[in-house]
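Laboratory data are not the source of any read-out in this text; all were calculated from the coordinates shown. Please read these numbers as outputs of a predicted model, since none were measured by experiment. As a convention, Cβ positions derive from the backbone with ideal geometry for all residues, glycine included, and neighbour counts pool all protein chains shown.
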Amino acid sequence: MSDDQSPSLNTNELNFWVTELQAGRPNAAEPTFRKIVAKVDLFARRSIQKFPRVERFVDIEDVIQNCLIRLLAAFREIRPNSRKHFYAVVNELIGRELLDLTRHYYGPRGHGTNVAGVSIGMEEDEHSPMAPDAVEELDRAAAFHEAVAELPIEEREAIGLSYYHGWSQAEISNLFQVSVRTVQRWLESATEKLKARIG
């Protein structure tokens, strides 16, 4: 069961905010933007728990700020046609931010890689390859994120809300206005596709 206590959003509010944003008047819909910030805050805090290597190096407030910058850039170009579309875009942007941070900290000169190197006796500024377990974790996270992005839209949005944010099947069914059994089918189908793709 999710513990989403952030303010609710509806499609009309999102459309009005996007209209004002695209017209260069983002402050005109400030109450809606505050709700959006609350959603991004909640989603980012949950998502980063799936990236423990990144979590040790970053301030979650910086992650949220970067995700909001990505969100503003995205919605200057696109318009969400529903709340579930909005959630899907937010999931995608947060996932990209966390993968980029993983690559930043665990690339050849990343701080996380250097910390790992120092712990086994290497010089901190030595140009070292990523630790094997870090490579494996990054590859797995990237493969999972890419595989989720290629799922059919309903399955993609359902698995994003379930995996990243802990939503129950009942909560997802309420958002999509479908039966719990339908959500269960989406999740089962998505899981099978992900298993076939990445094991």
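Side notes on the structure shown:
- Under 16 Å from the Cα of LYS35 - lysines, other chains or at least 8 residues apart: LYS84
- Estimated distance in nm for a label pair at ILE78 and ARG103, the labels positioned 7 Å out from Cα along Cα-to-Cβ: 1.8 nm
- Kirkwood-type radius of the stretch 1-106, with distances r between different C-alpha atoms, in Å: 14.3 Å
- Two-decimal Rg/Rh across the stretch 138-199, once Rg and the Kirkwood Rh are taken from alpha-carbon atoms: 0.98
- Fully extending the segment from VAL178 to GLN65, taken as 0.36 nm per residue of separation minus the present Cα-Cα distance, adds 37.3 nm.
- Under 14 Å from a label point set 7 Å out along the Cα-to-Cβ vector of ILE153, the amide N atoms of the stretch 73-99 belong to 79-89.
- Karplus (6.51, -1.76, 1.60) ³J(HN,Hα), θ = phi - 60°, over the stretch 57-64, in Hz, Gly and Pro reported as x: 9, 10, 8, 4, 5, 5, 4, 4
- In a fully extended conformation the segment linking SER168 and GLU192 would gain 6.7 nm over its present Cα-Cα distance, using 0.36 nm per residue.
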